[in-house]
Every structure is written in structure tokens, then in C-alpha cells.
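In what follows, a single structure is set out as C-alpha cells and then discussed.
Read-outs throughout are calculated quantities, based only on the coordinates presented, and are distinct from any laboratory measurement. Predicted model, so just to flag it, every value in this text is computed and none were measured. Positions of Cβ are generated from backbone atoms using ideal geometry, with glycine treated the same way; all protein chains shown enter the neighbour counts.
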Amino acid sequence: MQHLDLTTDAPSEFEGRVVSLRGCEYVIGPSFREDDQGFAHLLTNRESGLCLHVIQVRPEYMTDPDMALAASKHKAEVTSKFRSQMRLKQPGVAIPTISVVEAHGGSFELHEGRWGLFSSGLDKEPGIEIFNEAVGILESGDALAAEARIRSLLGGSPRHTEALSLLADCLDDQGKSAEALEVMWQINAIEPNASRYQGRTVFYSLKAPPRSSAIAEFEALKNRFPLVDDYNIYGIEAYLGCAMIEKARELLDASVLDDDTRKELQTRVDEALAVDTAYKIIDAKVASKDYPDDPGGYADLVAELEPLLQRYPENPWIQANLGFTMAAAGKPEQAVSLLSDAAGGLTPILSAYCYANAGFALVEMEKWNLALSSFNLS
């Protein structure tokens, strides 16, 4: 098979050509439509065998490639705004996302939709019968049986990304969020150009330690799909979970959300900012040694920090400071819990410091194996 070459290939030659994008190869299939917007063809992932995309090449791709690129970018931006509004007004309506790609000697649009949207229907998609059975079982509440059924499909089609995505849902329903996240990473390696898979990866990252990884996953999503805002709520959650409150506020301000969701998140962000302001005052007092290094000083500090943690329970700075204080006050069990939680929301260096101190607290409790595990994380 030849790769697509937009400097020489005529529209009649598109079908059968190969498109490479982010290390993934697709085969251009039959024409999906042809109009004044260009030449649209189905696009099938060579590894998964699934069609989740359509490639559309503007009519001017040879005669005026700059105009073609500008027209595609404008269309992608308009579509993004339209999708955001439709998500509020008619959330059940599937509107493809559009990414603009500069490759293969020119530019083209990559339209992404749900499985079966672009083909003749899900009834002819590979593995759909078993897939639907597994969905029905999962919806009935039997995640273990649904997992077994979808694994039977994966036994013959291990790269089937929709089946893998359903497997992740089954695992998550069983409380295995870390395993679900690993499945999503596998999916993204097979299909790196689907924003909804990356969005699900962010979702599972929020539920699997360390929670700081959700920020990396969300920012990877935004780098790859800057016009996709469907998953901004996960980004806000990720930033709040690591006390990156200003970033959470900025993302909230830029997001299109329904009134109730916006109000709820705005309340949380405002409360987080208020708690952070109060914490910084306490932190400055700690730095200036306003709290005596004795049981009375520890008690005073705990009395100030605990109410803040109740108001903003995922703030890793408050968790860490309270954990260190508990350790100094001779309360190792409470220190371990707080320091371990804090480690999940901090930078690698600070995280290692928290795990190390949790390890010392576990040594004090004579829990040797747990202490070794904590030291290994530091």
C-alpha cells in the first residue's frame, strides 16, 4: 500500500492509500461524501480494524493549499463552539470533533465520531454482537460477568479498542481503577488520535493514584486536541486535587458548562482559594517558628490545620503539613495516612519526601514491610 501524497494524488486515488498520524497507520476507505467542503473518506485503523474517523481533504488542496488549510482551521473552530453549545442543549446528539492535520504534503481534516457513526451502522461492525451482550450484562449490574464476556471478544481481537474500553469500564465498576487506567494506556497506544479515549484516560487517572498523573493526562489531551473541551471538568478536578487552584479557576472560566455544574464548581474553587489563603498565613507562621517545637505547639498547629483540611480535604500541602505535625506529635498512624495522601498530589521530589517520612512513621509502628514499600516509593 502506498502512503497518501497530497502533492500528487488525485481524489480518485485516495481510496486504499495509507495515512500515518502519531505513529498510527490508517487505510483510506470508500468515499463518505463529496461536496463543496471537499473529499471525505472513511478511515480505518490498521491495528484495531475499527473506523472511528473520516478524513476530509479540501477541494483546494492542490490549487491553493494555504487557503485549504485556513478553511479547515476556521471550520474546526466553528465546529468546536457549536459542539460546546449542543452539548448543553442536546447532549444526546453526536457531533464529530474536527482536528486539522498538516501532513502527507498538505493538510486535511480528521473527523472523529463514536463507533459506527461513519460506517453503515454498528450492525456490521466487527464483534458487535458480543460487545452488545457485554454492554447489556454490565448495565444489569454484573461487571464480573460482563468482563468475562468482553474478554471472549478480545481473545480473538486483542486490539479492538472499543472492546478494551468496555473492559476498562468493567474493571472500574469492580473498583479496579488502576487496572482500568492501564487498559486505557493500551488503547491510546493503538489509537492515539481519538479524544474520547484520552478523555476516559483522564477520568480513570482521577481515581487511581497518584492523582497528580491526572494533570499530565489532561494536559496531554489538550495538547493533542486543543479544540476539544468535553473533558474540562476532569481537568478542573485534577487541578483542584493538586491545589493548582488558579489553573482550575482559569479552566472553569474558559469552559462551557450548564448553570448547575458551573455554580457547584465555582463554589468549590472559591472555597479552595479561601482555604489556600488561610493556609498560607499558617505556613508563614510555621516558617517563622511561631509554633513552639513541643506538644503544646503541635496541638495548636493541628487545631488550625484540621478545620482547613475538612474544608479542602484533597489539598496536598495541608495534608503534608498536618502529617509532619502528627509525626512530630507522636501520632505515626495518622501521619502515615496524611503523608501518603499528600504524596499523590505533589511534585516527584516532594512526593518522595512524604513517602520517606511515612516510612519512618511505619518503622516507629514496627510495620516493617509497609515501611519498606513506602521507602521504595521515595
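Give me the extension gain from Lys81 to Arg114: residue separation times 0.36 nm, minus the current Cα-Cα distance, reported in nm with one decimal.
Working: separation 33, 0.36 × 33 = 11.88 nm, distance 1.88 nm.
Here the answer is 10.0 nm.
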In deg cm²/dmol and to the nearest 500, what is the mean residue ellipticity at 222 nm of the chain if only DSSP H runs of at least 4 residues count, each as -39500 (n - 2.57), divided by the residue total?
-19000 deg cm²/dmol
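Compute the FRET efficiency between Glu102 and Glu246 as 1/(1 + (r/R0)^6), taking r as their Cβ-Cβ distance and R0 = 30 Å, and round to the nearest 0.05. The partial results should precede the final answer.
Working: r = 33 Å, r/R0 = 1.09.
With a Förster radius of 30 Å, E is 0.35.
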For Met365, Met62, ascending order of other Cβ atoms within 10 Å (fewest first) is Met365, Met62
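Is the range 126-191 best put as rounded, prolate or oblate by its Cα gyration tensor, with a ≥ b ≥ c the root eigenvalues, rounded for a/c under 1.5, and otherwise prolate when a/b is larger than b/c, oblate when not? Display every interim value, and only then the final one.
Values: a/c = 2.15, a/b = 1.08, b/c = 1.98.
Because a/c hits 1.5 or more and a/b fails to exceed b/c, the range 126-191 counts as oblate.
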Gln2 paired with Glu133, simple spin-label distance in nm, labels 7 Å along Cα-to-beta-carbon
4.4 nm
Which of Ala274, Ala361, Ala134 ends up with the largest GNM mean-square fluctuation for the chain, with Cα atoms connected below 10 Å?
Ala274
Under 10 Å, Cα contacts only: if you run a Gaussian network model on the chain, which one of Ser20, Ser107, Ser12 comes out with the highest mean-square fluctuation?
Ser12
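What does the extension gain come out to for Thr63 and Glu333, with contour length at 0.36 nm per residue minus their alpha carbon separation? List each step's numbers first, then the result.
On the way: separation 270, 0.36 × 270 = 97.20 nm, distance 7.12 nm.
Full-extension gain reported as 90.1 nm.
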To the nearest 10 degrees, how steeply does helix 143-156 sit against the main Cα axis of the chain, on a 0 to 90 scale?
40 degrees
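So what's the range 11-112 giving for Cα Rg divided by 2.2 N^0.38 Å, two decimals?
Values: Rg = 13.9 Å, N = 102, 2.2 N^0.38 = 12.8 Å.
Ratio of Cα Rg to 2.2 N^0.38 Å: 1.09.
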Report the full-extension gain for the segment Glu306 to Met365: residue separation times 0.36 nm, less the Cα-Cα distance, to one decimal in nm.
19.0 nm
Can you give me the orientation-averaged projected area of the convex hull built on the Cα atoms of the range 291-377, in nm²?
5.2 nm²
Binning every alpha carbon pair distance of the chain at 20 Å from zero, what are the percents per bin?
23, 46, 25, 5, 0
Could you put Lys81, Lys73 in order, starting from the residue whose Cβ has the fewest other Cβ atoms within 10 Å?
Lys81, Lys73
